[in-house]
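Notes follow the structure.
The values are calculated or read from the model by the stated rules, or taken from the named source; none is laboratory data. In this text, all values refer to a predicted model and were calculated from it rather than measured experimentally. Positions of Cβ are backbone-derived with ideal geometry, glycine not excepted, and every protein chain shown enters the neighbour counts. Only protein heavy atoms, including side chains, enter the accessible area calculation; ligands, DNA and RNA are left aside. Shrake-Rupley method; radii C 1.70, N 1.55, O 1.52, S 1.80 Å.
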Amino acid sequence: MHITLLGAPTGLGGSVPILVAEALLFLYFLAVNFVDLLTIVVALVALPRSIRIDAGDELGRTLSAFSPPVSVLVPAFNEEAEIVQAVRSLVYLKSVEHEVLVINDGSTDATMDRLMTAFDLVPFNAAMYVKFPTKPIRAMYKSRSFPSLFVIDKENGGKGDALNAGVNAARYPLLFSADADTLYADDCLEKMVQPFLKDLKTVACGANIGILNGAQIRDGRPFHNALPRNFLVRCQILEYLRSFLNCRAGWAPLNGLLIVSGACGLWKKDAIVGAGGFSVNTIWEDLEMTVRIHSYMRTQRRRYRIAFVVQPVCWTNVPETIAQLRGQRIGWHRHLSEVVSIHRNLLFNKRGGLVEWLAFPNLVLGEWLAPVWQLGGLLFLILCAILGILSVNSQLALVSIVFGLMLMKAASALLLDEISFRSHRLRVVWGLFWTAIFEQFGFRQLVAVWSLIGVVRFLTRRPIRGRTYDIPSVFDKPY
Amino acid sequence: MDLTVDFSVIIRIVYGIAAASVLAALLLVVQIVVMRRWARLDEERRRNFHQLWEPILRKPGRVIPPLPRVRKKDVEDFIIMWNSVDEAAGDDSSDQMSVRWYLDEVARRAGMVPIALRLARKGNTASRLIAVTMLGLLREESASQLSENLMASTLPVLSIAAAHALVQIDPSTARDFLILRLKRNDWPPAKVDAIIAQERVIFAPVLVEAIFTLPEGKRLVRYLEFCDADEALPAINRILDASSSDDATIRSALKVLGQFAPREGADRAAQFLKHANWEIRVQAANALGRMGDASQVSALAELLGDSEWWVRYRAAQAIADLTDDSGALEYIHDAQSDRYARDMLAQVMAERSYNAPQLVAVF
């Protein structure tokens, strides 16, 4: 076949390798954005419907009272600043019967002392049903002041190991993984058990996580009255909205949700035990656990659903400095690399379905390889400019479509937030819309560089232990 | 084959998509502003509605006061408020009967019956749900056919709400509800429990008959807990005596037996302590803990070394329930040669007091 290009650049800029490179970049861009737009459309259709059903569902609140009881697992490593308030907020979660299991994962600070004093802990002899071997447990304690609170004191083994110790000790059929540095709404469990009651096939449920930095409390929930001054925080608010509402709220109705956040995930214990427990070999555990549950349920040929609650039920602080953000993003992308490596067999698996042919490929190509494409594209652009073969018109066209689609994705995330919770004042919404424009220049490229470092660190097997960054405590501020 | 591609056309298309995206983004932002305005107006409307109707609905009297017109926009809020007040009223005592009469009259005089019928027929899912719930609470006979149709809905919440409404309208359909329950595995079990508990007077007479006559009727055994003991226990005994009962049925029957805890049921429960199915052993230990006496402790102690954690745990709890004297409990603990048995008993002792013997860590 002979192809004639009319109006194409002449010379080297119009040569076959350059045109092929441009076409590949463009095709990649189209494919990734097509999937993004698909999930946005699904979210826009499904989200108002689910909100309407919930609003009219007087049965909903009644239902949660009949929920199976929940074991709340709180791994804690050097969390002396916030552990007491975090545990107190979890003990007071309403409507659903629950026990709270704090797993002190060999903290070297005063985490354990704070717990002992605040909750009047006494040694408790637990005969655990040990499903997963963990690092040695030093002791188990029970609270005199809160009968449903237990503390496991164990040697350090990482978050996955701590969660496994919690699974061993948990008595109830549903497990809620929580973080000590997250603020939970008191009706968090009430909302999250509902997918399990409405659809018996549900094995896990994630939820929308809001950002706390700079928020005020309205009706017991954080609300952004003004745009945070910190530009990094603004960009991350937008990122969270895009991630949770455009993507996760869109993937969940398709049953292609690949991540249930470790800070706010409700799991069926059977599914976790069947899938082999939380991973102790990865730096984080949430993405890996979710993908493994997909893999496990599909191998077992069992019908299942991984659901998502669109209303924010917990809030966390995000990094406020470049150093904190860098550490977080390197860690995230390294974990993503681990998951892609472990579960590579899912990719375009012949006997697979939507997960193998759309969700997981999107994770690999649209998320994991995104920094390679983004930075590769940028380098290509710079190289062409240096060689003097840059077709200004075609590059401007490419930049404008990138810009236009990014703006549209930001606007759709803001609209979905408006539908689901309305967590920002109108002027904040407008400010975030402008942030979507400015984040294109610098922020996204920086994140891509850090993500690439994460991939490199995974490939070079550079060891990481524990959390690699510190962020402000959610309990530091006078809420 | 020759293919001619005009590069400038591609560039124009790309620019077009970019412009359309920016325009779409701006439109979405405008939509947010419009929605915010609607939301504010809606909040104001709702506040006014509550100020007007709350005193009428929440403070029932013997005479129906003059009723304001229910505006079209307020219909769903009215139904939601009315449903919640009516459900909270119950229907047992004479006082509550008069409250129910008052609420029924208010709804009917406010012209809600035809509105609810229309919503249940043509509304969206949420509207249908609240409307059919209202029609059920009103025992509105003209809604029986409609409820029957909605029972077939693929949406479990709507289907179960319609089935509940039909039972309220026509108690003779209770058996049909149970038949549908056996077919609809997507109905939330907790909600079914709540409905059968709420309508126990209607369900009790048909439940035992349904258990023994319907195909798969044994799956209904668990609902016997909502009947009176003199209705439920003969059925439970019959199930436990029958050699043909499957494991799931026995498990449910033992659970119900444990809830009624008749004195004479202890021996029957004890028969299942050595059953091959561990879930049955759990229920047998549970039941025995509630209705047994000290003479059953030795049989329960044998379960302390069971291979299943939950059997050991429930057996230890049952022993603790049947042994008032903590010294006796310590004696039983010390007498165990199996480490798992000792540990489990130690845990349960620790749960009930804080001076339990130290156990060898099993971690």
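Of all the residues in region B:66-85, those that are of a type in the set (D, E, K, R), more than 14 Å from chain A (Cβ to nearest Cβ) and buried (at least 16 other Cβ atoms within 10 Å of the Cβ) number 1. Sort through A:Leu19, A:Leu44, A:Leu27 and tell me the only one that's more than 10 Å from every other protein chain (Cβ to nearest Cβ) and either modelled with pLDDT of 90 or more or closer than 29 Å to A:Pro371 by Cβ (or both). The match here is A:Leu27.
Of all the residues in region A:355-381, those that are open to solvent by 60 Å² or more (accessible area, probe 1.4 Å) and farther than 16 Å from A:Arg444 by Cβ number 2.
State whether one or more residues within region A:439-449 are in contact with a Leu (Cβ under 8 Å, 6 or more places away or on another chain), surrounded by fewer than 20 Cβ atoms within 10 Å (Cβ to Cβ) and at pLDDT below 90. No: region A:439-449 contains no residue that is in contact with a Leu (Cβ under 8 Å, 6 or more places away or on another chain), surrounded by fewer than 20 Cβ atoms within 10 Å (Cβ to Cβ) and at pLDDT below 90. Any chance you could count how many residues in region B:35-51 are aliphatic (A, V, I, L, M) and surrounded by 14 or more Cβ atoms within 10 Å (Cβ to Cβ)? Looking only at that region, the number is 1.
Looking only at residues in region A:86-101 that are β-branched (Val, Ile, Thr) and either surrounded by fewer than 20 Cβ atoms within 10 Å (Cβ to Cβ) or within 14 Å of another protein chain (Cβ to nearest Cβ) (or both), the one that is nearest to B:Ser307 (Cα to Cα) is A:Val96. B:Val63 fulfils the conditions (1) open to solvent by 100 Å² or more (accessible area, probe 1.4 Å); (2) of a type in the set (A, V, I, L, M); (3) within 14 Å of another protein chain (Cβ to nearest Cβ) except for a single criterion, (3).
For region B:165-191, a residue qualifies if it is over 14 Å from B:Ser147 (Cα atoms) and not in a helix (DSSP H, G or I), and the qualifying residues are B:Arg184, B:Asn185, B:Asp186, B:Trp187, B:Pro188.
Return yes when A:Tyr129 is of a type in the set (Phe, Trp, Tyr), within 8 Å of chain B (Cβ to nearest Cβ) and within 23 Å of A:Val96 (Cβ to Cβ) and no when it is not. Working first, answer last.
Working: of a type in the set (Phe, Trp, Tyr): yes; within 8 Å of chain B (Cβ to nearest Cβ): yes; within 23 Å of A:Val96 (Cβ to Cβ): yes.
Yes; evaluated as a whole, the condition is true for this residue.
Is it the case, given these coordinates, that A:Phe77 is open to solvent by less than 20 Å² (accessible area, probe 1.4 Å) and at pLDDT 90 or above? If you could, list the steps in order and put the result at the bottom.
Details: open to solvent by less than 20 Å² (accessible area, probe 1.4 Å): no; at pLDDT 90 or above: yes.
Considered against the rule, which asks whether it is open to solvent by less than 20 Å² (accessible area, probe 1.4 Å) and at pLDDT 90 or above, A:Phe77 comes out as no.
Taking every residue in region B:100-129 that is touching a residue at least 40 places away in the same chain (Cβ under 8 Å) and pairing it with any residue that is basic (Lys, Arg) and open to solvent by less than 30 Å² (accessible area, probe 1.4 Å), at least 6 positions away or on another chain, yields no pair with a Cβ-Cβ distance below 8 Å. Is it true that A:Arg351 is within 14 Å of chain B (Cβ to nearest Cβ), open to solvent by 10 Å² or more (accessible area, probe 1.4 Å), free of Cβ contacts under 8 Å to residues at least 12 places away in the same chain and not in a helix (DSSP H, G or I)? Against the criterion (within 14 Å of chain B (Cβ to nearest Cβ), open to solvent by 10 Å² or more (accessible area, probe 1.4 Å), free of Cβ contacts under 8 Å to residues at least 12 places away in the same chain and not in a helix (DSSP H, G or I)), A:Arg351 does not qualify. The set of residues in region A:102-135 being among the polar types (S, T, N, Q) and open to solvent by less than 10 Å² (accessible area, probe 1.4 Å) consists of A:Asn104, A:Thr111. Kindly indicate whether any position in region A:388-410 is more than 8 Å from every other protein chain (Cβ to nearest Cβ), closer than 18 Å to A:Leu19 by Cα, of a type in the set (Gly, Ala, Ser) and surrounded by fewer than 20 Cβ atoms within 10 Å (Cβ to Cβ). Within region A:388-410, one or more residues are more than 8 Å from every other protein chain (Cβ to nearest Cβ), closer than 18 Å to A:Leu19 by Cα, of a type in the set (Gly, Ala, Ser) and surrounded by fewer than 20 Cβ atoms within 10 Å (Cβ to Cβ). Of all residues in region A:300-311, none are farther than 28 Å from A:Ala46 by Cα, modelled with pLDDT under 95 and basic (Lys, Arg). The listed residues are B:Ile32, B:Ile13, and the only one of them that is under 28 Å from A:Ile437 (Cα atoms), within 14 Å of another protein chain (Cβ to nearest Cβ) and open to solvent by 80 Å² or more (accessible area, probe 1.4 Å) turns out to be B:Ile13. Restricting attention to region A:164-186 and to residues that are open to solvent by less than 10 Å² (accessible area, probe 1.4 Å), of a type in the set (A, V, I, L, M, F, W, C) and over 17 Å from the mean Cα position of the chain (by Cα), the residue that is nearest to A:Ser89 (Cα to Cα) turns out to be A:Ala185. Listed by first and then second residue, the pairs with beta-carbon distance under 8 Å, at least 6 apart or on different chains, first residue in region A:136-147 and surrounded by fewer than 20 Cβ atoms within 10 Å (Cβ to Cβ), second assigned to a loop (DSSP other than H, G, I, E, B), are A:Pro136/A:Glu155; A:Pro136/B:Phe363; A:Arg138/A:Glu155; A:Arg144/A:Asp120; A:Arg144/B:Tyr354; A:Ser145/A:Asp120. Entry remark, region A:411-440: residues being touching a residue at least 24 places away in the same chain (Cβ under 8 Å) and more than 7 Å from chain B (Cβ to nearest Cβ) number 19 in total.
Enumerate the helices (runs of 4 or more DSSP H) found wholly within region B:244-363, keeping only those where 2 or more residues are away from chain A (no Cβ under 14 Å).
Details: elements: B:247-260, B:265-270, B:278-291, B:297-301, B:309-322, B:326-335, B:339-352.
Of the helices (runs of 4 or more DSSP H) lying wholly inside region B:244-363, those with at least 2 residues that are away from chain A (no Cβ under 14 Å) span B:247-260, B:265-270, B:278-291, B:297-301, B:309-322, B:326-335.
Scanning region B:195-212 for residues that are crowded, with 19+ Cβ neighbours inside 10 Å, farther than 13 Å from B:Ala232 by Cβ and within 14 Å of chain A (Cβ to nearest Cβ) gives a single hit, B:Ile195.
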